[in-house]
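S.K.: Following this message is one structure expressed as structure tokens.
Please treat every number below as a calculation from the coordinates, not as lab data. Keep in mind it's a predicted model, so treat the numbers as computed, not measured. In this analysis, Cβ positions are derived from the backbone assuming ideal geometry, glycine residues included, and neighbour counts consider all displayed protein chains.
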Amino acid sequence: MNLTPMNCNLIPFLIDEDQSKPIYQNEDCRRIFESYPAYYYKVGYEPPWIGYFVMTDGQVVGVAGFVTKPIDKRVEIAYGTFKQFENRGIAKFSCRELIKIARAADPGLTITAKTEPRENASTNILRSNGFDFSGKVQDDGIGDAWEWILTPMI
């Protein structure tokens, strides 16, 4: 299947999402459903600061979202493409769309992201979307991580 970011879109992951929908009947989606609802109950569910399925042609190809709602005028984004759909521009699309959502909600936000502490596709995606390397930080999921910053528009 030839996927391009042109036919991708983000679909909100609802707190009470119907997991029985045919589009969610794959191992990648099952893993998401194992963690996301509990995560929402832990950090809160405040659209637009939620998770999104990345869809193309009626198929879930990845996930993207905000780690939490903004805190102190900062919001962190995260995104991932399912293995079989990598290297097709989907993660770059996801990053760009999350930036649009955050800017539409509050152009004064600083947007952050974290990556593994090495050069990789994620660091290239962040740079291409205007992020600057900020420094080394700790992350619950990654451990040692690199933090990236996109400064506010205003």
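S.K.: With r as the distance between the Cβ atoms of Asn7 and Lys69 and R0 = 35 Å, compute the FRET efficiency 1/(1 + (r/R0)^6) and round to 0.05.
M.R.: Values: r = 30 Å, r/R0 = 0.85.
With R0 = 35 Å, the Cβ-Cβ based efficiency is 0.75.
S.K.: Report, to the nearest 10°, how far helix 27-43 tilts away from the longest principal axis of the Cα atoms in the chain, using its own Cα long axis and a range of 0 to 90°.
M.R.: 50
S.K.: Using the Karplus curve 6.51 cos²θ - 1.76 cosθ + 1.60 with θ = phi - 60°, what ³J(HN,Hα) values do you get for each residue of region 103-110, in whole Hz, with x for Gly and Pro?
M.R.: Along region 103-110, the couplings run 5, 5, 6, 6, x, x, 6, 8 Hz.
S.K.: Could you size up the charge dipole of the chain around its Cα centre, putting +1 on the beta carbon of Lys and Arg and -1 on that of Asp and Glu, and report it in debye to the nearest 20?
M.R.: Here the size comes out at about 340 debye.
S.K.: Report the gain in length on full extension from Gln19 to Asn87: 0.36 nm times residue separation, minus Cα-Cα distance, nm rounded to one decimal.
M.R.: Answer, rounded to one decimal: 21.8 nm.
S.K.: Okay, next question. Based on a Kirkwood Rh over C-alpha pairs, give the Stokes-Einstein translational diffusion coefficient of the chain at 4 °C and viscosity 1.567 mPa s in µm²/s.
M.R.: Diffusion coefficient, whole number: 81 µm²/s.
S.K.: Here's a follow-up. At 7 Å along Cα-to-Cβ for each site, give me the label-to-label distance between Tyr41 and Thr110 in nm.
M.R.: Spacing of the two 7 Å Cα→Cβ label points: 3.4 nm.
S.K.: Turning to a different aspect of this structure: Per residue of region 118-130, what does 6.51 cos²θ - 1.76 cosθ + 1.60 with θ = phi - 60° give for ³J(HN,Hα)? Whole Hz please, x for Gly and Pro, Karplus curve as stated.
M.R.: Those phi angles translate into 6, 5, 6, 4, 5, 5, 5, 5, 5, 4, 5, 9, x Hz.
S.K.: Could you give the longest part of the chain that holds none of the GluC sites (Glu not before Pro) found in DSSP loops with at most 14 neighbouring Cβ atoms within 10 Å?
M.R.: Counting at most 14 other Cβ atoms within 10 Å as exposed, the longest clean stretch of the chain is 1-85.
S.K.: What are the ³J(HN,Hα) values, in whole Hz, obtained from phi via the Karplus relation 6.51 cos²θ - 1.76 cosθ + 1.60 with θ = phi - 60°, for each residue of region 52-67 in sequence order, with x given for Gly and Pro?
M.R.: Values, residue by residue: 9, 7, 8, 10, 8, 6, x, 10, 7, 10, x, 9, 8, x, 9, 5 Hz.
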